[in-house]
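Note sheet for the following structure.
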Amino acid sequence: MMTKQTMRDIDVTGKRIFVRVDFNVPLTDALEIADDTRIRSALPTIRNLIERGGRVILASHLGRPKGKVTESMRLKPVADRLSELLGVEVDYAHECRGPDAQNAVAALRDGGVLLLENLRFHSEEEKNEPEFASQLASLADIYVNDAFGTAHRAHASTEGITHYLPSVAGLLMEKELSALGGLLESPGRPFACVFGGAKISDKVGMIRNMLQRVDIVFVGGGLAATFLKARGLDVGHSLVEDDMLDDARDIMRESERCGVPVLLPVDALVAAEVRAGVRTWVVQSTSVPANHGIVDIGPKTIEHFFARLESCKTVMWNGPMGVYEIAQFSLGTRCLINYLASLDVTSVIGGGSTVDAVQEMGLADLVTHVSTGGGATLELLEKGTLPGVEALNDLE
Ligand code: ADP
Ligand code: MG
């Protein structure tokens, strides 16, 4: 996986460097940044390039402007926050290409930083139009991709541009690729995967691929209901994807064929409605009442999972164990986070909700790697590579 060149392998002094970052931060109605994690994640790359005298040209998308200039999706608030975090003035161009962008780039000095306007104000970005990609490329001498979270999309700024410039990975990209690549290529064993979350359809590709690589799989969350139903159990009105039952059966057959156990919950927390304040019961997975649905894994399941996780050397976890947004239904997820944090294992956590849950609990530092990628993380674990990664220069 780390067969790709990184920005550490090249000379950047005095060079114009187009850095694709992921500054797709949540904004409040007052256009303030609600969470600047994504900006902070890019700081090591930016600081490194500044220190080495590069001329840093940052580009990102924000929101879904669908190819139109949208005032509420300008990157100005991001430029301001980035200036504060870096402690240096960040220039901001009102365009990402054309004369405005060219002039702003021309004004950059060694060690200077410029943020271009939202790439998705142009529909050519998502369409990966070569003309647009070449306009972006014309601003720079080198391309650095540090937007791991967008690397599963072949867009002009993630793939197209690499046809025109020497293209290397940024430090965040490198960190993600070595952590996730490590899982795929040389995990410490036993290696366990824990899957949860809402829908099996989002994850079936990843589950299939990981099943070939791990020693044991645990399933919780909404996914578990589909697996339980596929085993012939009645799961009441739990979240079930009926069109995925065959896939679930197929995965269980494959599990038997390759001798990798897929452990399902033996008990569950159930409720008549998914709403705070409702009454809940713990029931065995074999006796979910018809008018109830599963909202979390049960205490015996937690015990079983922990007993088998204890001896593992590597754990990859994606997907909350229950509807953790409601405190009453969050015990399974919270216990699992705490337990992983307490183990002496290589632990990798990925997926938007899962990472949110870990961060909310303030335990992110106790996990070996918290992947920032969301969909990109899952796709990398499914396919072993991403278009935005493939497009980078190979190591010589
Ligand atoms: P991630 O973003 O980490 O990949 P997902 O998006 O797949 O995770 O799933 C997160 C969602 O799954 C959460 O909103 C959570 O409420 C929901 N979820 C977890 N367990 C259940 C369940 N038993 N029934 C319904 N929804 C669930
Ligand atoms: Mg999600």
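When region 251-271 is filtered for residues that are part of a loop (DSSP other than H, G, I, E, B) and either closer than 17 Å to GLY222 by Cβ or of a type outside the set (Gly, Ala, Ser) (or both), the ones remaining, listed by number, are VAL260, PRO261, LEU264, PRO265, VAL266.
Pick from SER83, SER60: which is surrounded by 13 or more Cβ atoms within 10 Å (Cβ to Cβ) and closer than 15 Å to LEU172 by Cβ?
Of SER83, SER60, the one residue that is surrounded by 13 or more Cβ atoms within 10 Å (Cβ to Cβ) and closer than 15 Å to LEU172 by Cβ is SER60.
Among the residues of region 184-202, those identified as within 16 Å of ligand 1 (Cβ to nearest atom) and open to solvent by less than 20 Å² (accessible area, probe 1.4 Å) are CYS193, VAL194, PHE195, GLY196, GLY197, ILE200. Please determine, by comparing only the residues of region 102-149 that are of a type in the set (Gly, Ala, Ser) and closer than 16 Å to GLY160 by Cβ, which one is surrounded by the most Cβ atoms within 10 Å (Cβ to Cβ). Applying the filter and picking the extreme gives ALA147. Scanning region 297-322 for residues that are without any contact (Cβ under 8 Å) to a residue 60 or more places away in the chain and within 12 Å of ligand 1 (Cβ to nearest atom) returns a single hit, GLY298. Return yes when LEU336 is touching a residue at least 60 places away in the same chain (Cβ under 8 Å) and on the phi < 0 side of the Ramachandran plot and no when it is not. Yes. Selection of first residues in region 85-97 that are within 22 Å of ARG40 (Cβ to Cβ) and among the hydroxyl-bearing types (Ser, Thr, Tyr) and of second residues that are modelled with pLDDT of 95 or more and not in a loop (DSSP other than H, G, I, E, B), restricted to Cβ pairs under 7 Å at least 6 apart or on distinct chains, gives the following pairs, ordered by first then second residue: TYR92/LYS76; TYR92/ALA79; TYR92/LEU115. For region 12-38, the tally of residues that are on the phi < 0 side of the Ramachandran plot, in contact with a strand residue (DSSP E or B) (Cβ under 9 Å, 6 or more places away or on another chain) and touching a residue at least 12 places away in the same chain (Cβ under 8 Å) stands at 12.
The residues of region 231-241 that are closer than 19 Å to GLY322 by Cα and without any contact (Cβ under 8 Å) to a residue 40 or more places away in the chain amount to a single one, VAL240.
The values are calculated or read from the model by the stated rules, or taken from the named source; none is laboratory data. Please read all numbers here as calculations on a predicted model, not as lab measurements. Note that each Cβ is placed from the backbone with ideal geometry, even for glycine, and that neighbours are counted across all protein chains shown. What goes into the accessible areas is simple: the full protein's heavy atoms, side chains included, and nothing from ligands, DNA or RNA. Shrake-Rupley method; radii C 1.70, N 1.55, O 1.52, S 1.80 Å.
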